[in-house]
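Student: Before anything else, here's the structure in question.
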Amino acid sequence: MSGSTTSGSRTASEIAAAVAAGRLTAAASVEAALARIAAIDPGVNAFTDVTAGRARARAAEIDAGLASGRIPGPLAGVPFAVKNLFDVAGLPTRAGSKINRDREPAARDGALVRRLEAAGAILVGALNMGEYAYDFTGENAHDGPSRNPHDRERMTGGSSGGSGAAVAAGLVPLALGSDTNGSIRVPASFCGTFGLKPTFGRLSRAGSYPFVASFDHLGPLARSVADLALAYDAMQGEDPDDPWQTPRSIEPATDALARGRTGLRIGVAGGYFARGGEPDCFEAVALAAAALGATRRVEIPEAARARAAAFVITAAEAAGLHHDRLRVRPADYDPAVRDRLIAGTTIPAAWVHRAQRFRSWYRARVLTVFDEVDVILAPCTPCRALRIGQTTMELDGVAVPARPNIGIFTQPISFIGLPVVAVPVRVGG
C-alpha cells in the first residue's frame, strides 16, 4: 500500500472509494490521520480530545465487515472530528468552556455523530472552539487559539475554529461545526475550506450544546463540495429528539451535483453586500460570478437592520441560557464572552419583540428575491484572516472592532435560516 493512499490531501470521497475497492483499509486510514494529528496539531491546536482507541476499534469493525462481504457505507473509513459542543460518548461536552468540563461525560454520541458513523465514517476526536460558540475569531481563553494552517500567526475564524483548522491542515478530510451567526462560514473563509450551513431545521441538533436555539445550525466543513454532499446526505433524516427539526423526507444532494449549474438562475448580491469589505472579498465574488456566467444583480433589502436584529436576539437568548451560571461562576468565563452575556441580560423585552417582528417581515421580503434567482453570490467575510490577538481592523477607511465585524455578511443570512455553501476562491498573491 503506497503512502499516497493515506495522504492528508485526499478527500473523504477518495478515501471512501479506496476503502470500498480494497485499495486502502479503514485501519490504515485512521492510523494516517492519527499520525498527522500527532505531528501537526501541536502547532495548529485544532484538537482538544483525540479518541484514538475508539477510532481504531471502529476501523477494525469496518475492515472485518468488508472482509466478510458487507457492503460498506458511503463514508467507509473516512476519519472525521467534531466541534467540542457535540456530545461524544465518554467525554464531557465542553462547548469551549471551563465550566462544562465539570459535567458528567456524555452517555452517547450526538445524533449527527451517530449518523456519520452509521455511514462508515470514523470519529477521531473533538475540536477547539470559541467559548460557548459566542465568537468569530477562534481564540479560546482556556484551550488557546486554534491557528490558521496557512499562517499560524493568523486566526482560523470562529467559533468552529478547530473544525476549519483540522480540515485545512489535512488532519481530517471532514469535520462538523455549528453556525449561529457565521461560525461555519467564517472558519471556512479564513482557512480556505468548503463549508455548509444547511437550511435551519434540516439536520438534527440533538446531542449538541446550544447557543441561540432559534438560530443554531449544525453542518460539515470539508475539502470539496462532493464531500459536503456526502456528509449532508448521511446526516439527513427526521429525529424525534430535536423539536426544532423540520419534518421532511431525505432529499439526496450527491446526485444533484451531476446536474451542475444547468438551469440555475444565479444572482450577485449588491447594495449592503457590495460595500464595507476589503477589495479582495469583492474580487472573489467577481471571479466566481464570471466563472458561473452570473451577471444579474439582486438586492437583499434591509440587510443592515437584519444584522442589528440578529445581535439583539443573539444576546438576549444567549444571556437567558447562561443566566444561572453567570450568577454563580462569573470568574470561570472568558471575560469577553462574560461581558457580552451580561450585556444581553439588560436588553429590554420590547427590543427583542421588535427584532422578532422585523425578522418575520425580513424573511418574507428576502424570499421574494428568489422569485428572480435560485442562488445568490455574496462575500463570506469582509477580510482575509486577521492576526491572532488583533482587536481592530479597517473597513472603508474606518477602524472598527474586529470581533463583531468579521460577521457583517454572514449574520443577515443565518438570521432567517437560509442555506449557504462557503466556497474558497483564491485571489491576489
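Student: Would you check which residues across the range 255-278 are open to solvent by 20 Å² or more (accessible area, probe 1.4 Å), assigned to a helix (DSSP H, G or I) and either touching a residue at least 60 places away in the same chain (Cβ under 8 Å) or of a type in the set (A, V, I, L, M) (or both) and list them?
Tutor: Ala256, Leu257, Tyr272, Ala274
Student: Still on this model: Checking Arg114 against (1) open to solvent by 10 Å² or more (accessible area, probe 1.4 Å); (2) touching a Ser or Thr at 6+ places or on another chain (Cβ under 6 Å); (3) closer than 26 Å to Gly237 by Cα; (4) of a type outside the set (A, V, I, L, M), only one condition comes out false. Which one?
Tutor: For Arg114, the failing item is (2).
Student: Still on this structure: Failed condition for Ala343, given (1) closer than 16 Å to His142 by Cα; (2) touching a helix residue (DSSP H, G or I) at 6+ places or on another chain (Cβ under 8 Å), with all others met?
Tutor: Here Ala343 meets the rest and fails (1).
Student: When only residues in the range 230-247 that are closer than 14 Å to Thr199 by Cβ and in contact with a Gly (Cβ under 8 Å, 6 or more places away or on another chain) count, which is most open to solvent (accessible area, probe 1.4 Å)?
Tutor: Trp244
Student: Still on this structure, I have one more. With respect to Pro412, is the statement that it is open to solvent by less than 30 Å² (accessible area, probe 1.4 Å) and in contact (Cβ under 8 Å) with a residue 40 or more places away in the chain true?
Tutor: On the way: open to solvent by less than 30 Å² (accessible area, probe 1.4 Å): yes; in contact (Cβ under 8 Å) with a residue 40 or more places away in the chain: yes.
For Pro412, the condition - open to solvent by less than 30 Å² (accessible area, probe 1.4 Å) and in contact (Cβ under 8 Å) with a residue 40 or more places away in the chain - is met.
Student: Please pick out the residue among Arg325, Arg329, Arg338, Arg297 that is touching a strand residue (DSSP E or B) at 6+ places or on another chain (Cβ under 9 Å), open to solvent by 50 Å² or more (accessible area, probe 1.4 Å) and among the basic types (Lys, Arg).
Tutor: None of the other options fit; the residue is Arg297.
Student: Scan the range 179-204 for residues that are open to solvent by 10 Å² or more (accessible area, probe 1.4 Å), of a type outside the set (A, V, I, L, M) and not in a loop (DSSP other than H, G, I, E, B) and jot them down.
Tutor: Ser189, Phe190, Phe194
Student: Moving to a separate point now. Give the range 360-387 a look and list any residue that's open to solvent by 30 Å² or more (accessible area, probe 1.4 Å), out of contact with any Leu (no Cβ under 8 Å at 6 or more places or on another chain) and not charged (D, E, K, R), or say none.
Tutor: Ser360, Trp361, Ala364, Leu367, Thr368, Phe370, Ile376, Ala378, Cys380 - these are the residues of the range 360-387 that are open to solvent by 30 Å² or more (accessible area, probe 1.4 Å), out of contact with any Leu (no Cβ under 8 Å at 6 or more places or on another chain) and not charged (D, E, K, R).
Student: Failed condition for Pro72, given (1) under 19 Å from Thr11 (Cα atoms); (2) under 19 Å from the mean Cα position of the chain (by Cα), with all others met?
Tutor: All conditions pass for Pro72, except number (2).
Student: In addition: Restricting the range 388-406 to residues that are in contact (Cβ under 8 Å) with a residue 12 or more places away in the chain and open to solvent by 80 Å² or more (accessible area, probe 1.4 Å), which is farthest from Gly138 (Cα to Cα)?
Tutor: Pass one, the range 388-406, residues in contact (Cβ under 8 Å) with a residue 12 or more places away in the chain: 388-391, 393, 395-396, 402-406.
Keeping just the survivors that are open to solvent by 80 Å² or more (accessible area, probe 1.4 Å) gives 391, 396.
Numbers: Thr391: 13, Asp396: 24 Å.
It comes out as Asp396.
Student: Would the range 127-147 turn up any residue that is assigned to a strand (DSSP E or B), at pLDDT 95 or above and under 30 Å from Ala20 (Cβ atoms)? Steps first, please.
Tutor: Going residue by residue through the range 127-147, those that are assigned to a strand (DSSP E or B) are 127, 147.
Right, trim to at pLDDT 95 or above and you get 127, 147.
Filter once more, keeping what is under 30 Å from Ala20 (Cβ atoms): 127.
Yes - at least one qualifying residue is present in the range 127-147.
Student: Please work out if Asp374 is touching an Asp or Glu at 6+ places or on another chain (Cβ under 6 Å), among the acidic types (Asp, Glu) and at pLDDT 95 or above. Explain how you work it out, then say what you get.
Tutor: Numbers: touching an Asp or Glu at 6+ places or on another chain (Cβ under 6 Å): no; among the acidic types (Asp, Glu): yes; at pLDDT 95 or above: yes.
In short, no.
Student: Evaluate the range 153-174: report whether one residue or more is open to solvent by 30 Å² or more (accessible area, probe 1.4 Å) and part of a loop (DSSP other than H, G, I, E, B).
Tutor: Within the range 153-174 (the criterion being open to solvent by 30 Å² or more (accessible area, probe 1.4 Å) and part of a loop (DSSP other than H, G, I, E, B)), the answer is yes, since at least one residue qualifies.
The values are calculated or read from the model by the stated rules, or taken from the named source; none is laboratory data. As the structure is a prediction and not an experimental result, all values here were calculated from the model. Quick reminder, even Gly has a Cβ in these numbers, built from the backbone with ideal geometry, and neighbours come from all protein chains shown. To get the accessible areas, we keep the full protein, side chains included, count just its heavy atoms, and leave off ligands, DNA and RNA. Shrake-Rupley method; radii C 1.70, N 1.55, O 1.52, S 1.80 Å.
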